[in-house]
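A.B. asks: Quick one: structure below, then a few questions.
The values are calculated or read from the model by the stated rules, or taken from the named source; none is laboratory data. In this text the structure is predicted, and so the values were computed from the model without any measurement. Note that we place each Cβ from the backbone using ideal geometry, even for glycine, and neighbour counts take in every protein chain shown.
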Amino acid sequence: MSLALAMWVAALAGFLSLSYEILWYRAYAFVSEGSPAAFGLMLGAFLLGIAAGSLASWLWCRDGAASGDRTRLPPIAAFVLCANLASFAVIPALARIAVVANWRWSLVLVGVAAGLMGATLPLVSHFGISPDARAGSRLSYIYGANIVGSTCGSLLTGTVLLNGLSLARTANVLAVLGLALATAVLLLSPMGRLARGLAGIGLLGLSTGVTLATPAIHSQVYERMFDKAEYTADHPFAEILENRHGVITVRDGKVYGGGAYDGAFNTGLDDDKNSVYRTYLIASMRPAAGKVLMIGLASGSWAQVLAHMPGLDKMTVVEINPGYLDLIRGRPEVRGVLSHPKVEVVIDDGRRWLARHPQEKFDLVVMNTTWHYRAHITNLLSREFLQMIRASLRPGGMLYFNTTGSLEAMKTSLAVFAHGVRVFNFMAVSDSPLWPDGARFREAITGWQIEGKPVLDLSLPAHRARLDSLLGLIDTVNHPPVTLGLEGSDSLRVRLASTAVITDDNMYSEWFPLEPPP
């Protein structure tokens, strides 16, 4: 193997290795609903596999074969071939294992695939570097090529391929590229013309077969990883949107981001399947919306409600995944929020946007935050981030966010703000006194309309009963605390005295506990 060939093989092997790792992480993040442990477990299996593959290559090279021995090219081609087929099979296998057993068992396959890839680089180095005075510099060239390929794999696959292709088609592209690499190495080996031709035809046929079989092999992989033991083929997702930011799925009117519940398409109080009443209860604590910042868009239901809240001046919505905009455009009950004259939607990370706009001040900040145990949620729940929001509020301004039941998130908000009220699993916090008022809520809700339609038509008995139930819910703040009710900050501070505060450093909600509650 020439040095130039060794560098090309090392570069493409690195490209494929890191590209597959990105695909695998997307699948493992989805199947685990964004568990913080998913990446560490996958990376551990990956590194262990590479170590085992490197050890196997050392054992194979102990016979002292010369570095220029071209008869060793077919075995290297076989390693590349098997590594790519095994890597291609990881995600379909993970989806099928998740249906019958714990998804962690599939990490064995990650180790096997990584082991085959891990054997490639040492073999290429061994047979591409002559044992002379320039061995060290040649080794640096090969490893440098591998690093360049790995970097390109991360960038190209993570930001380009996954932004335009589905998970299955991206895996197909990588598999064909890997088979092409194996073919090139094989054709450069000392084989007869007939043998080369047959090998080339065979690998071309294998690439064609993989491409044709990709849809069937990846059939309902997301449904299998989502439903697990409850999977049935007759209950597919109604929509699947994939881009470089993640995977959005829809089923039965509910939206799931990265395998975790994100919300539902509903803005009404009469058929409240997404507990949207929590949005309306903002009016019991604020006489008017004023200038609003909303971090996170998801189904658009909450944004649609807030866009029509009495007294709204302007609302800025910061959403990190533009796929939600495509989703909302196809839903008549919420798509109006995208064209509302008082609403501006910005595609950015919420924390980064706040850091870049310190001059912006708001009367109300709303976050219907995702589950407190998911990876990276510290960015939205930590003391440091809540302090950023506090600095962005006008005097008397309020933060209203979903703790998803995390006592630590509740405690953290009260460690930053002087006053607060728990609204079921939400926290309303402010530096000014805060207390829900039923009369204020009644006045707001009777005039609240969404695109010309009253939220509650009090001429209807069912709607009057719904209003009475919400007024009764507001009144729970004056009674001993219950889970499905309201609770003042004095009571919360006593109950949460020994609860930890989430910080950027301890990432408490992500790691304690390691798994979501039952």
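A.B. asks: Quick check, is residue 8 touching a Leu at 6+ places or on another chain (Cβ under 9 Å), within 16 Å of residue 224 (Cα to Cα), part of a helix (DSSP H, G or I) and of a type outside the set (S, T, N, Q)? Outline the logic, then answer.
C.D. replies: Details: touching a Leu at 6+ places or on another chain (Cβ under 9 Å): yes; within 16 Å of residue 224 (Cα to Cα): no; part of a helix (DSSP H, G or I): yes; of a type outside the set (S, T, N, Q): yes.
Answer is no for this residue.
A.B. asks: Would you mind telling me which numbered condition in (1) part of a helix (DSSP H, G or I); (2) of a type in the set (Gly, Ala, Ser); (3) touching a strand residue (DSSP E or B) at 6+ places or on another chain (Cβ under 8 Å) residue 263 fails?
C.D. replies: (1)
A.B. asks: Here is a follow-up. Could you go through the stretch 325-339 and let me know if any residue there is at positive phi and surrounded by 21 or more Cβ atoms within 10 Å (Cβ to Cβ).
C.D. replies: Residues of the stretch 325-339 at positive phi: none.
Checked against the condition, which is being at positive phi and surrounded by 21 or more Cβ atoms within 10 Å (Cβ to Cβ), the stretch 325-339 yields no hits at all.
A.B. asks: Examine the stretch 314-326 for a residue that is in contact with a helix residue (DSSP H, G or I) (Cβ under 9 Å, 6 or more places away or on another chain), of a type in the set (Gly, Ala, Ser) and closer than 24 Å to residue 252 by Cα, and state whether such a residue exists.
C.D. replies: Looking only at the stretch 314-326, we keep the residues that are in contact with a helix residue (DSSP H, G or I) (Cβ under 9 Å, 6 or more places away or on another chain), and these are 315-320, 325.
Of the ones still in play, those that are also of a type in the set (Gly, Ala, Ser) are none.
No, the stretch 314-326 contains no residue that is in contact with a helix residue (DSSP H, G or I) (Cβ under 9 Å, 6 or more places away or on another chain), of a type in the set (Gly, Ala, Ser) and closer than 24 Å to residue 252 by Cα.
A.B. asks: Still on this structure, please answer the following. Hey, could you check the stretch 205-219 for residues that are out of contact with any Leu (no Cβ under 9 Å at 6 or more places or on another chain) and either in contact (Cβ under 8 Å) with a residue 40 or more places away in the chain or not assigned by TED's automatic domain parsing to the domain that holds residue 84 (or both) and say which is surrounded by the fewest Cβ atoms within 10 Å (Cβ to Cβ)? Spell out how you get there, then give the answer.
C.D. replies: Here is the first cut: in the stretch 205-219, the residues out of contact with any Leu (no Cβ under 9 Å at 6 or more places or on another chain) are 205, 208-209, 211-217, 219.
Now restrict to residues that are either in contact (Cβ under 8 Å) with a residue 40 or more places away in the chain or not assigned by TED's automatic domain parsing to the domain that holds residue 84 (or both): 214-215, 217.
Details: 214: 20, 215: 12, 217: 19.
Out of the qualifying residues, it is 215.
A.B. asks: Would you check if residue 84 is in contact (Cβ under 8 Å) with a residue 40 or more places away in the chain and among the polar types (S, T, N, Q)?
C.D. replies: Working: in contact (Cβ under 8 Å) with a residue 40 or more places away in the chain: yes; among the polar types (S, T, N, Q): yes.
Yes.
A.B. asks: If you go through the stretch 330-354 one residue at a time, how many are in a helix (DSSP H, G or I) and either among the polar types (S, T, N, Q) or under 14 Å from residue 298 (Cα atoms) (or both)?
C.D. replies: First, pick out the residues of the stretch 330-354 that are in a helix (DSSP H, G or I): 335-339, 350-354.
After this cut, where a residue has to be either among the polar types (S, T, N, Q) or under 14 Å from residue 298 (Cα atoms) (or both) as well, the list is 335, 337-339, 350.
Residues in the stretch 330-354 being in a helix (DSSP H, G or I) and either among the polar types (S, T, N, Q) or under 14 Å from residue 298 (Cα atoms) (or both): 5 in total.
A.B. asks: Still on this model: Within the stretch 92-117, can you find the residues that are in contact with a Ser or Thr (Cβ under 6 Å, 6 or more places away or on another chain) and within 12 Å of residue 76 (Cα to Cα)?
C.D. replies: Result: 117, single match.
A.B. asks: So if I check each of 77, 83, 93, 119, which one is over 19 Å from residue 183 (Cα atoms), in a helix (DSSP H, G or I) and among the small types (Gly, Ala, Ser)?
C.D. replies: On the way: 77 fails: over 19 Å from residue 183 (Cα atoms); 83 fails: over 19 Å from residue 183 (Cα atoms); 119 fails: over 19 Å from residue 183 (Cα atoms).
Unique residue meeting the criteria: 93.
A.B. asks: Let me ask something else. Could you please let me know if residue 237 is within 21 Å of the chain's Cα centre (by Cα) and part of a loop (DSSP other than H, G, I, E, B)?
C.D. replies: Values: within 21 Å of the chain's Cα centre (by Cα): yes; part of a loop (DSSP other than H, G, I, E, B): yes.
Yes.
A.B. asks: Still on this structure, I have one more. Do we have any residue at all in the stretch 391-399 that's under 25 Å from the mean Cα position of the chain (by Cα), surrounded by 18 or more Cβ atoms within 10 Å (Cβ to Cβ) and farther than 15 Å from residue 419 by Cβ? If you could, list the steps in order and put the result at the bottom.
C.D. replies: Within the stretch 391-399, the first condition is being under 25 Å from the mean Cα position of the chain (by Cα), and the residues that meet it are 399.
From what's left, surrounded by 18 or more Cβ atoms within 10 Å (Cβ to Cβ): 399.
Keeping just the survivors that are farther than 15 Å from residue 419 by Cβ gives none.
No, because not a single residue in the stretch 391-399 is under 25 Å from the mean Cα position of the chain (by Cα), surrounded by 18 or more Cβ atoms within 10 Å (Cβ to Cβ) and farther than 15 Å from residue 419 by Cβ.
Residue-wise test of (1) modelled with pLDDT of 95 or more; (2) surrounded by fewer than 15 Cβ atoms within 10 Å (Cβ to Cβ); (3) not in a loop (DSSP other than H, G, I, E, B).
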| site | (1), (2), (3) |
| --- | --- |
| 203 | no, no, yes |
| 223 | yes, no, yes |
| 268 | no, no, no |
| 272 | no, no, no |
| 282 | yes, no, yes |
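A.B. asks: Still on this structure, please answer the following. Determine, yes or no, whether residue 483 is assigned by TED's automatic domain parsing to the domain that holds residue 281 and either in contact with a Gly (Cβ under 6 Å, 6 or more places away or on another chain) or over 25 Å from residue 422 (Cβ atoms) (or both).
C.D. replies: Working: assigned by TED's automatic domain parsing to the domain that holds residue 281: yes; either in contact with a Gly (Cβ under 6 Å, 6 or more places away or on another chain) or over 25 Å from residue 422 (Cβ atoms) (or both): no.
Taking the combined requirement at face value, the residue does not satisfy it.
A.B. asks: Another question, if that's okay. Does residue 169 qualify as being of a type in the set (D, E, K, R) and either surrounded by fewer than 14 Cβ atoms within 10 Å (Cβ to Cβ) or at pLDDT 95 or above (or both)? Spell out the reasoning first.
C.D. replies: Numbers: of a type in the set (D, E, K, R): yes; either surrounded by fewer than 14 Cβ atoms within 10 Å (Cβ to Cβ) or at pLDDT 95 or above (or both): yes.
In short, yes.
A.B. asks: Go through the stretch 416-458 and count every residue that is in a helix (DSSP H, G or I) and either surrounded by fewer than 16 Cβ atoms within 10 Å (Cβ to Cβ) or more than 35 Å from the chain's Cα centre (by Cα) (or both). Full working, then the answer.
C.D. replies: As a first pass, look at the stretch 416-458 and keep what is in a helix (DSSP H, G or I): 416, 438-446.
Filter once more, so that each one left must be either surrounded by fewer than 16 Cβ atoms within 10 Å (Cβ to Cβ) or more than 35 Å from the chain's Cα centre (by Cα) (or both): 438-446.
The qualifying residues number 9.
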